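S.K.: What follows is a single structure, and I will ask about it in a moment.
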Amino acid sequence: MPSQCPVCSGELTVTRLECGHCATKLEGRFDATPFARLTPEQQEFVITFLRARGNIKEVERELSMSYPTVRARLDAVLEALGYRVDRSAAEEEEARAKQARRKELLDRLNRGEITAEEAVAALKSL
């Protein structure tokens, strides 16, 4: 269901509901859920996030995204739902996560689980 007017980008209001089974119609002004404001991509992200039970590492794996990308998508969803996102705290957490990921990669390299080339490529992607 679209949430924005294609002409002026204003918020659309639901004014009519109809039963697909018996054709009963209800007219009035109905509030949509906050989730109706999300784009289809954001809705899919939320589904993945919930299916992963909020485990960002699992979301990273499932969507093949880096931690910063997952955080940015999560922040965008929160903002679309009307919540304020504290960028400084998010940036600090992102820096800590990058540092932990670097250490994890170097530990894996030391244990011989990945090659030097794989480590370099992974470090560059951070």
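S.K.: State yes or no: is residue 97 over 29 Å from residue 2 (Cβ atoms), loosely packed, with under 11 Cβ neighbours inside 10 Å and at pLDDT below 85?
M.R.: No.
S.K.: Could you list, in sequence order, the residues of segment 45-58 that are in a helix (DSSP H, G or I), over 9 Å from the mean Cα position of the chain (by Cα), surrounded by 12 or more Cβ atoms within 10 Å (Cβ to Cβ) and not basic (Lys, Arg)?
M.R.: Passing the criteria: 56, 58.
S.K.: Within segment 59-73, can you find the residues that are surrounded by 13 or more Cβ atoms within 10 Å (Cβ to Cβ) and not acidic (Asp, Glu)?
M.R.: Of everything in segment 59-73, those that are surrounded by 13 or more Cβ atoms within 10 Å (Cβ to Cβ) and not acidic (Asp, Glu) turn out to be 59, 63, 65, 66, 67, 68, 69, 70, 71, 72, 73.
S.K.: Name the residues in segment 12-44 that are exposed (fewer than 12 other Cβ atoms within 10 Å of the Cβ) and either in contact (Cβ under 8 Å) with a residue 24 or more places away in the chain or among the aliphatic types (A, V, I, L, M) (or both), would you?
M.R.: 17, 23, 26
S.K.: Another one. Quick check: is even one residue across segment 75-88 at pLDDT below 90, over 29 Å from residue 36 (Cβ atoms) and either under 11 Å from the mean Cα position of the chain (by Cα) or part of a helix (DSSP H, G or I) (or both)?
M.R.: Yes, some residue in segment 75-88 is at pLDDT below 90, over 29 Å from residue 36 (Cβ atoms) and either under 11 Å from the mean Cα position of the chain (by Cα) or part of a helix (DSSP H, G or I) (or both).
S.K.: How about segment 100-126: which of its residues are closer than 28 Å to residue 46 by Cβ, surrounded by 13 or more Cβ atoms within 10 Å (Cβ to Cβ) and small (Gly, Ala, Ser)?
M.R.: Once the filter is applied, which keeps residues that are closer than 28 Å to residue 46 by Cβ, surrounded by 13 or more Cβ atoms within 10 Å (Cβ to Cβ) and small (Gly, Ala, Ser), segment 100-126 yields only 122.
S.K.: So which of 70, 120 ends up being over 18 Å from residue 2 (Cα atoms), of a type in the set (Val, Ile, Thr) and within 13 Å of the chain's Cα centre (by Cα)?
M.R.: After ruling out the rest, the residue left standing is 70.
The values are calculated or read from the model by the stated rules, or taken from the named source; none is laboratory data. Everything quoted here is computed from the prediction, not taken from an experiment. Every residue, glycine among them, receives a Cβ derived from its backbone with ideal geometry; neighbour counts consider all protein chains shown.
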